[in-house]
Amino acid sequence: MRGDEEVPARLPAPPLLRGYARGAPLSRAPRRPVAVVKQMRAARTRAAVLRAAAVEIDRDGYAGTSLVRICATAGISLGALTFHFPAKSTLADELQDRGSAMTRAAVAQVLALPASPLRLARALLLAVARLLEAEIEVRAAARLTRERPCEAADWTAAWLPELHDLLEQAGAEGQLSRSVDPEAVAVLTAHLVTGVDAHLRLRAHTGPDPSAEAPRDVIGQLAEVWDIVLYGASAAGPPRPERGDQE
């Protein structure tokens, strides 16, 4: 700097800070209203309770699950839990409703596909199985429906009637053999789903079989079983009924 230049007593503020150079307070981000913060906290607590309840009920069933265990899994106090769910039954009702709603949404997506009734029935079965594999709330709803058959939403009602209707349509369109009763196929399908549900639950809480070379693809196996049901495993026709079978 040359000696004949004067040093300014105060350097000018950068353009973005000129409004604050004279001591003006920095503006803060607007705070959320207290009511909104409380609602968000309550929603997080409710979601944590439902998730913990799903884990416990899926593993040990309705009778084997206590509110104390759910609180421990969720990391909350008993008072916080009972604020949202005053009894275990109301918590189970909510789980069944949620699991059924998730299943109905998946079924609606399947029914919107452009396919024949029989292909839609197959897609619906696999969609339900994938839900059981991926969503613990759905598995909890399935178990609660079996253990509390007269309470809350029946989880099977979210998919079994639609499957039955598809099988009826397949029969009417000649996609099923005349000797096949669509109702019997629907009952068999319900048993298949029950078996898949039990297997997935066991695998989720005990881990894969260490003696197995690789985890089994449950959904792929179910697809193979369904195809066997539809197309048969025997090259011969069904056995003729014996005389004793008719008595």
Item to complete: Starting at the first residue of region 161-178, write each ³J(HN,Hα) from the Karplus equation 6.51 cos²θ - 1.76 cosθ + 1.60 with θ = phi - 60°, in whole Hz, x for Gly and Pro.
Response: x, 5, 5, 4, 4, 5, 5, 5, 5, 4, x, 5, 8, x, 7, 10, 4, 5
Worksheet item: For q = 0.09, 0.11, 0.17 Å⁻¹, what log10 I(q)/I(0) does region 41-170 give under the Debye formula with an equal point scatterer on each alpha carbon and no solvent?
Response: -0.29, -0.42, -0.83
Practice prompt. Sort the following peptides by mean Cβ neighbour count (other Cβ atoms within 10 Å, averaged over residues), highest first: 135-148, 169-182, 43-56.
Written response: 135-148, 43-56, 169-182
Worksheet item: Given 0.36 nm per residue, what is the gain on full extension from Arg148 to Val180 after removing their alpha carbon distance, in nm?
Response: 8.3 nm
Fill in: Between region 143-202 and region 125-141, the alpha-carbon center distance in angstrom
14 Å
Discussion item. Please compute the modelled spin-label separation between Tyr231 and Ala35, points set 7 Å along Cα→Cβ, answer in nm with one decimal.
Written reply: 6.2 nm
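If r is the Cβ-Cβ distance from Ala63 to Ala43 and R0 is 35 Å, what FRET efficiency results, to the nearest 0.05? Numbers along the way, then the final one.
Working: r = 29 Å, r/R0 = 0.83.
According to the calculation, E is roughly 0.75.
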Fill in: Euclidean distance of C-alpha centroids, region 36-55 and region 91-108, integer Å
17 Å
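Assuming R0 = 41 Å, what is the FRET efficiency of Leu188 and Ser89, from their Cβ-Cβ distance, to the nearest 0.05?
Computed FRET efficiency for Leu188 and Ser89 comes out at 0.80.
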Worksheet item: To the nearest 20 debye, what charge dipole does region 35-233 have about its Cα centre, counting +1 at the Cβ of each Lys and Arg and -1 at the Cβ of each Asp and Glu?
Response: 920 debye
Response to the item:
Between Leu202 and Leu113, the FRET efficiency computed from the C-beta separation at R0 = 35 Å comes out, to the nearest 0.05, as 0.65
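No value in this document is a laboratory result; all are computed from the given coordinates. What you are looking at is a predicted structure, and each value in this text was computed from that prediction instead of being measured. All Cβ positions, even for glycine, are placed from backbone atoms using ideal geometry, and neighbour counts span all protein chains on display.
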